[in-house]
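All remarks here apply to the structure that follows.
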Amino acid sequence: MHVMGRIGFMGLGIALSGALAGAPVFAEDKSADKPPIEDGSKIMITSPKDGEEVDDSFELKYELTKGSQATHAHVYVDGQYQKGFSGELKGLSKGDHRITVKGATKDHDLVTAAHTITVEVE
């Protein structure tokens, strides 16, 4: 019985060290592991248009029709969250870039509303 207690304690230690050794979790990535919430929201990127050629810095415009839970949107460039996005994307490298806008709740959980375009930076 005493040996079993030690094995159980060792198992807990291994589980805790494994959890602590994992990749860091950042606030902006917390919803990546959660399925998006279906709340009836809709989102549409209005400028630039899909396939458009743009400068390395440009204004991104979108329209969010809020459903039951969406309060704002998150912007991603090539899959990378643009924390603090203020309306303009700046300093993109030449080539094609995938721009995605996703609806989010007040707690930053994503909803299913999303729109993606590809632009070419000249």
Calc'd 3J(HN,Hα), the range 58-74, phi into Karplus 6.51 cos²θ - 1.76 cosθ + 1.60 (θ = phi - 60°), Hz, glycine/Pro = x, comes to 7, 7, 10, 10, 8, 10, 10, 9, 6, x, 6, 10, 5, 10, 6, 10, 10
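Out of all DSSP beta bridges in the range 36-121, what portion is antiparallel? Express it as a percent rounded to 5.
Working: 25 of 28 bridges.
Beta bridges within the range 36-121, antiparallel portion: roughly 90 percent.
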For Gly67, which sequence-distant residues (separation of 5 or more, or a different chain) have an amide H within less than 5 Å of its own amide H, given hydrogens modelled in the peptide plane? Ser41, Lys42
Roughly how many Å is it from the Cα centre of the range 80-101 to that of the range 58-77, as a whole number? 14
With θ set to phi - 60° and the Karplus curve 6.51 cos²θ - 1.76 cosθ + 1.60, what are the ³J(HN,Hα) couplings of the range 40-55 in order, to the nearest whole Hz, using x for Gly and Pro? x, 5, 9, 9, 9, 6, 9, 7, x, 8, 4, x, 5, 8, 9, 6
Label-to-label distance, nm, for residues given as His108 and Glu120 (7 Å Cα→Cβ offset): 3.6
Members of Lys49/Lys83; Lys42/Lys94; Lys66/Lys94; Lys34/Lys90 lying beyond 27 Å, as alpha-carbon distances in this model show: Lys42/Lys94; Lys66/Lys94; Lys34/Lys90
Just to check I understand the Karplus step: with θ = phi - 60° and J = 6.51 cos²θ - 1.76 cosθ + 1.60, what whole-Hz values come out for the range 97-109, glycine and proline as x? 9, 9, 10, 10, 10, 10, x, 9, 7, 4, 8, 6, 6
Nonlocal amide H pairs with Tyr62, under 5 Å, H built at 1.01 Å: Thr46
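Each reported figure results from applying straightforward, stated rules to the coordinates on display, with no laboratory input. Predicted model only: the values in this text are computed from it and were never measured. Here Cβ is always computed from backbone atoms with ideal geometry, including for glycine, and neighbour counts include all displayed protein chains.
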